[in-house]
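Worksheet: the structure to be examined is printed underneath.
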Amino acid sequence: MTHSVNGATRKFAIVGAGPAGFYTAEALTTACPDCEIDLIDRLPTPYGLVRSGVAPDHQATKKIQETFDGIAALPNVRFIGNVEIGRDVSLVELREIYDAVVLASGAPYDVALDIPGAELPGVYGAAAFVGWYNAHPEHAGLNPQLDQAGAVVIGNGNVAIDIARILSRPPADLATSDIADYALQQLRNSQIADVHIVGRRGALDAKFTTVELRELGELHDVVALAEPAQIPAALDDNLPPRERRLKAKNLECFQAFAKEDATSRPRRIRFQFNARPIRVLGETRVEAIRFERTQVDNGRVVGSGETFDVPCGLIVAAIGYQARPIGDLAVAAAGNRLENVDGLVAPGLYVVGWLKRGPSGKIGTNRLDGEEVAERIRAETGIGGKPGFQALQQILDRQQVQWTDFADWKKIEHAETIAASDGAPRRKFFAIPEMLKHRVKPDGHPPEP
């Protein structure tokens, strides 16, 4: 670690070692070159949604972790894993021992599907379902029911497409990804043949990216379909030029899907628009879901009174995320971020990423958040002098926390890599005790940087 001559090095803690946390650490090393930065995460592993949220068959996207490896290797950055705020150390304690604390722990909770019958077995939120197939320790035991021909994904964003694609792709194609072993086995036994992606608004209001849509049209043994009557023949002439270009590309995809033959391949991904869920049907488990046809009136979605049912044994609601409460900090009315003013929550306490702005943007969007908050911290923090890691280590020792550092993570990563089947980049560990077996030192005290 870097130390200033006068012993007043500023000590910063970042809670959350996902993209927002890493980009903030990088920005702080530029804004405050002589600072010390501790990246704290509740899991023993870093990278956040890059590890547990990005689809396993999108390995190119996961290469961003190579950039994060470089940030973790900086001499004044330390990763501290398997430490949960509120369980192992309080936010109050962190603020007492660090000159500034940055919250970067995201919005990990699902917005619930709030309709009658949503409590039936077979209904899941997208965060939990994605965590299941990505080997997230909190969701590894989800054990979704894949024994019926129909599945429904509610939502019109890229997460909905990811889920539909993972449910539909031949398991042999997924075997070369880093999908969880137990998930791959369940998908091998899956009876799902039709995955319905359903949105409340029209096709041109969907938030899919063209790259994701085009990928669906290229899947082996899977055909993407759209109802011809739901796909416009042309775009509105009044659209702004940039929006028009983006919508034109998506419209081209949907028009192609509307011409496909549903019998051409053994599995189907079916897009349905202008429909909102109103009831989950079933006695002891999901048997179907009822939708109401909708239309958009002055920007608002309104029901038509016409309903239809989709038989299914699985429902995944990809309808939004909520923030995790931290101490007594106020959550915004929308529930998906903390109350803040341009990243400031309270003196010496900041927020970045989804926890700042809500779940929006791409991985790289978090870089700007990190740069902005780093400049605020540089200007607003004092000359330093708080103990930082030294005091945190004492707290963790008292709590007997088996925390991990980046060398421990590299041991875990190596073990996952050598355990992988042929063609797969790694076999992810999903049990925290299994991860902790690979720590450099069993007493919780890895070597000092």
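The values are calculated or read from the model by the stated rules, or taken from the named source; none is laboratory data. Just so we're clear, the structure is a prediction, and the values are computed from it rather than from any experiment. In this analysis, Cβ positions are derived from the backbone assuming ideal geometry, glycine residues included, and neighbour counts consider all displayed protein chains. Each accessible area value is taken on the protein alone, full model and side chains, heavy atoms only, with ligands, DNA and RNA left out. Shrake-Rupley method; radii C 1.70, N 1.55, O 1.52, S 1.80 Å.
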Q | helices (runs of 4 or more DSSP H) lying entirely in the range 376-444 (those with 2 or more residues that are basic (Lys, Arg) and at pLDDT below 95) | A | none
(Q) Against the conditions (1) among the aliphatic types (A, V, I, L, M); (2) within 20 Å of TRP403 (Cβ to Cβ); (3) in contact with a helix residue (DSSP H, G or I) (Cβ under 9 Å, 6 or more places away or on another chain), where does LEU91 fall short? Just the number, please. (A) (3)
Q: Hey, can you tell me all the residues within the range 311-353 that are open to solvent by 60 Å² or more (accessible area, probe 1.4 Å), more than 25 Å from VAL280 (Cβ to Cβ) and in contact (Cβ under 8 Å) with a residue 60 or more places away in the chain?
A: GLY327, ARG337
Q. Does at least one position in the range 57-68 carry a residue that is outside any helix (DSSP H, G or I), open to solvent by less than 10 Å² (accessible area, probe 1.4 Å) and on the phi < 0 side of the Ramachandran plot?
A. no
Q) Which is at pLDDT 95 or above, over 27 Å from GLU434 (Cα atoms) and either β-branched (Val, Ile, Thr) or assigned to a strand (DSSP E or B) (or both), of ILE179, ILE166, ILE115? A) ILE115
Q.
The conditions are (1) surrounded by 19 or more Cβ atoms within 10 Å (Cβ to Cβ); (2) under 25 Å from VAL50 (Cβ atoms), and THR381 fails exactly one of them. Which is it?
A. (2)
(Q) Tell me yes or no: at least one residue of the range 171-185 is open to solvent by 10 Å² or more (accessible area, probe 1.4 Å) and within 18 Å of CYS312 (Cβ to Cβ). (A) no
Q: Might you let me know whether the range 223-232 holds any residue that is touching a Cys at 6+ places or on another chain (Cβ under 8 Å) and over 21 Å from ARG201 (Cα atoms)?
A: no
(Q) For the list (1) open to solvent by less than 40 Å² (accessible area, probe 1.4 Å); (2) touching a residue at least 24 places away in the same chain (Cβ under 8 Å), I need the number of the one condition that ASP147 fails. (A) (1)
Q) Just one of the numbered conditions (1) under 23 Å from LEU396 (Cα atoms); (2) open to solvent by less than 10 Å² (accessible area, probe 1.4 Å); (3) of a type outside the set (Phe, Trp, Tyr); (4) modelled with pLDDT of 95 or more is not true of THR9; which one? A) (4)
